[in-house]
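Take a look at the structure set out below.
Read the figures in this text as sums done on the coordinates, not as results from a lab. Please read all numbers here as calculations on a predicted model, not as lab measurements.
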Amino acid sequence: MSEKVLITTTESIAGYQTVETFGEVFGLTTRSRNVISSFGQSVTTLVGGEIKGYTKLQDTARDEAIDRLKTAAAKLGANAVVMMRFDSSSGTIGDSVTAYGTAVKIEKVND
């Protein structure tokens, strides 16, 4: 169901018109790495360079937040989310990511 929801960071979508606005929708997740992996990654911080485990964690969290955003929009009857943005934070328990935007129903413009 949620894979049919178009996500855009823009206010309008070329070739479509907004026919209904449902309001704000959110996709939230907080993810953490296991203790052994976190220890190994903290060694990398001593010598510098990319911490690949945390990069993967951020990618996974972002993708999960977007999927949850799409699901939330679809539950309202929306087929698109406009003005999508991210908010993220890192803490001792892990990385939190919020994807948010405005759920809308769009229709193709007939020329």
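Fully extended, how many nm does the chain gain between Val19 and Glu107 (0.36 nm per residue separation, minus their Cα-Cα distance)?
Answer, rounded to one decimal: 31.0 nm.
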Problem set entry | Those lysines that a straight Cα-Cα span of less than 25 Å connects to Lys108, excepting residues fewer than 8 apart in one chain | Lys4, Lys70, Lys75
